[in-house]
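Remarks on the structure that follows.
The values are calculated or read from the model by the stated rules, or taken from the named source; none is laboratory data. No experiment lies behind these values; they were computed from the predicted model shown. Here the Cβ positions follow ideal geometry from the backbone for every residue, glycine too, while neighbour counts run over all protein chains shown. The area values use the complete protein model at the heavy-atom level, side chains included, leaving out ligands, DNA and RNA. Shrake-Rupley method; radii C 1.70, N 1.55, O 1.52, S 1.80 Å.
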There are 2 protein chains.
Amino acid sequence: MNVAIIVAAGRSTRMGGQVDKLWLEVAGRPVVAHAWRRFDECAAVDRIVLVGRPERRGDFEELARREALAKPWQWANGGPERQDSVWNGLQAAEGAEVVAIHDGARPCVTCALIEATLAAAREHGAAVAATPVSDTIKESLDGRTISRHLDRSRLWAVQTPQTFRREVIVRAMQEARQQGRVYTDDTGPCDLIGQKVFLVRSPAPNPKVTTPADLPVVEELLRQTGAR
Amino acid sequence: MNVAIIVAAGRSTRMGGQVDKLWLEVAGRPVVAHAWRRFDECAAVDRIVLVGRPERRGDFEELARREALAKPWQWANGGPERQDSVWNGLQAAEGAEVVAIHDGARPCVTCALIEATLAAAREHGAAVAATPVSDTIKESLDGRTISRHLDRSRLWAVQTPQTFRREVIVRAMQEARQQGRVYTDDTGPCDLIGQKVFLVRSPAPNPKVTTPADLPVVEELLRQTGAR
């Protein structure tokens with residue numbers, strides 16, 4: 001069984017803390033509704049776990065009714081850190097063989113990409129949607145000067161879905177929790193248990209809505225990829 | 001004296017080699033015309049060197065007339081690699097104290113950013129427009145699996161202008177040429193002469209036109225930043 005865990009529990013600090021980016025309207029519906037629908041319509045996904053802040057639970061329930069979402073879904077409360085939210089989502093996904101963890105602020109994800117990460121995770125244990133980096137990236141230790149020039153041909157920007165055999169990510173995150181380490185993405189803890197993470201090339205743009213300035217681009221992408 | 005070197009000699013291999021991205025129309029004029037005008041209108045810039053492929057020289061001369069560009073400019077032939085084009089531009093910029101090297105495919109550059117890199121380069125010798133990386137970046141040695149998780153808080157995406165005291169960049173590139181090393185950005189060779197490169201935070205989006213898909217975003221940005 002494949003379960004999608006949609007993480008929608010952020011506080012949007014980069015939006016100034018006032019606006020919840022997940023609920024901004026784009027192409028006729030909230031950002032998170034697009035993300036949810038993409039999983040709802042993707043045949044490879046059996047069930048969906050929605051992780052949100054408790055005070056938003058009613059909004060999500062109403063959204064599911066309004067969008068007439070077809071797939072079984074359940075709720076999980078978000079935690080203080082992203083990692084805690086994912087952990088709660090994993091508990092709700094008990095019984096899943098493979099879990100696709102997706103950021104609710106990435107509304108342009110395609111079913112083909114979801115399926116590709118599911119297949120790679122089933123085979124290898126851990127897989128992440130990623131795209132080769134096109135920018136020139138430098139490392140700076142002091143935030144003022146360049147410390148190291150990185151080799152662009154070796155760099156990948158990772159997105160979501162980040163997809164795992166459930167027992168793999170549970171084991172990795174247990175280890176992270178025991179060591180008291182906090183990760184901002186879910187592939188990080190895999191190192192702690194020696195699990196290799198496979199890159200699944202994301203052929204279509206799959207941006208994250210981070211600031212209101214991202215919305216016009218996302219709107220255009222949603223139109224192109226068939227949002228109704 | 002501050003001289004801008006606009007590098008417009010690429011062959012646009014990522015555009016499929018057929019289209020010259022610099023000449024794509026956006027917001028009423030070619031991409032490269034926007035870039036050129038931004039420097040033409042920026043008071044801190046005294047003179048402009050345009051580096052292009054020899055067969056395009058006539059097009060650039062006609063563009064300067066059509067746009068009624070006010071600032072003195074001169075031509076330099078592009079070379080086989082970006083580094084060779086910059087080198088030719090530096091020869092044409094003899095007499096300059098500070099040079100701002102800019103990618104002709106970045107039409108949204110602002111005068112404020114140009115001035116900030118000029119000031120930093122005058123003080124420190126080398127400065128580059130840059131922005132903190134918002135993506136999660138991984139290193140992969142084999143292109144299939146993640147080899148190393150990078151610390152995002154230390155990563156900067158560098159753009160242009162890349163701005164230098166002319167004698168600094170000439171010395172750095174001479175060293176690179178003597179060692180037979182090829183760099184795809186101009187800050188790289190500074191390491192060879194122990195020159196620190198300062199980061200100048202770019203507050204406004206300053207994207208590079210890389211594929212036709214970038215054009216709608218660039219059009220919107222040009223509108224917002226007052227392209228006429």
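Could you tell me how many cubic angstrom of Cα convex hull volume the protein assembly as shown has per residue?
Hull volume normalised by residue count: 150 Å³.
So if the hydrodynamic radius of chain B is defined as the Kirkwood radius over C-alpha pairs, what does Stokes-Einstein give as its diffusion coefficient at 20 °C and 1.002 mPa s, in µm² per second?
Roughly 119 µm²/s, to the nearest whole number.
Using a 1.4 angstrom probe with every protein chain in place, what is the largest-first accessible-area order of A:His124, A:His34?
Of A:His124, A:His34, the descending order of accessible area is A:His124, A:His34.
Given R₀ = 25 Å, FRET efficiency for A:Val19-A:Ala68 by Cβ-Cβ distance, to 0.05?
Step by step, r from the Cβ atoms, then E = 0.40.
How far, in nm to one decimal, is A:Glu123 from itself in the other copies if the label point is set 7 angstrom along Cα toward Cβ? Shortest first, please.
When each copy's label point is compared with this one, the spacings are 5.3 nm.
If you rotate chain B onto chain A, whose Cβ in B ends up lying nearest the axis, and how many Å away is it?
Reported as residue, whole Å: B:Val217, 3.
Can you give the accessible area of B:Ser153, probe radius 1.4 Å, in Å² rounded to 10?
Near enough 90 Å² of accessible area.
Considering only protein heavy atoms, what per residue accessible area in square angstrom results for chain A with a 1.4 angstrom probe?
43 Å²
Run the dipole for chain A about the Cα centre, Lys and Arg Cβ at +1, Asp and Glu Cβ at -1, nothing else charged, and hand back the magnitude in debye, nearest 20.
Charge dipole, chain A, about its Cα centre: 200 debye, nearest 20.
Quick one: of the DSSP bridges fully inside the protein assembly as shown, what percent are antiparallel, nearest 5?
Beta bridges within the protein assembly as shown, antiparallel portion: roughly 50 percent.
Using the C-alpha atoms of the range A:2-137, what convex hull volume per residue, in cubic angstrom, is computed?
Considering the Cα atoms of the range A:2-137, their hull volume per residue is 135 Å³.
Summed for both chains, how many Å² of accessible area, to the nearest 100, are buried between B and A with a 1.4 Å probe?
What B and A bury together is about 3100 Å².
To the nearest 10 Å², what's A:Lys196's accessible area with a 1.4 Å probe?
120 Å²
Need the full-extension length gain, B:Cys111 to B:Glu81, defined as separation in residues times 0.36 nm minus the C-alpha distance. One decimal, nm.
That works out to 8.0 nm of additional length.
Using a basic spin-label model with each label point 7 Å from the Cα along Cα→Cβ, how many nm lie between B:Glu175 and A:Gln91?
5.7 nm
Would you mind listing the distances between the A:Pro203 label point and the same position in each other copy? Use 7 Å along Cα-to-C-beta, nm, one decimal, shortest first.
4.2
On average, how many beta carbons from a partner chain sit within 10 Å of the beta carbon of a residue in A:124-134?
3
Quick query: amide H of B:Ile5 versus all other amide H atoms, modeled in the peptide plane; which residues come in under 5 Å with a sequence gap of 5 or more or a different chain?
B:Val49, B:Ala100, B:Ile101, B:His102
What percentage of the solvent-accessible surface of chain A, computed with a 1.4 Å probe over protein heavy atoms, is contributed by carbon and sulfur atoms?
C and S fraction of accessible area: 46 percent.
Using a 1.4 angstrom probe with every protein chain in place, what is the largest-first accessible-area order of A:Lys208, A:Lys71?
A:Lys208, A:Lys71
Could you tell me which of the pairs A:Lys208/B:Lys208; B:Lys21/B:Lys208; A:Lys21/B:Lys208; A:Lys138/B:Lys208; A:Lys208/B:Lys138; A:Lys138/B:Lys138 are separated by over 21 angstrom between their Cα atoms in the structure shown?
A:Lys21/B:Lys208
Modelled label-to-label distance, A:Arg57 and A:Glu167, 7 Å Cα→beta-carbon offset: nm?
Reported label-point gap for A:Arg57 and A:Glu167 is 3.2 nm.
Per residue of the protein assembly as shown, what 222 nm ellipticity follows from adding -39500 (n - 2.57) for every DSSP H run with n ≥ 4, rounded to the nearest 500?
-9500 deg cm²/dmol
For A:Arg57, which inter-copy label distances result when the label point lies 7 Å beyond Cα on the Cα-to-Cβ vector, reported in nm to one decimal and in ascending order?
Inter-copy label distances (nm, one decimal, shortest first): 7.4.
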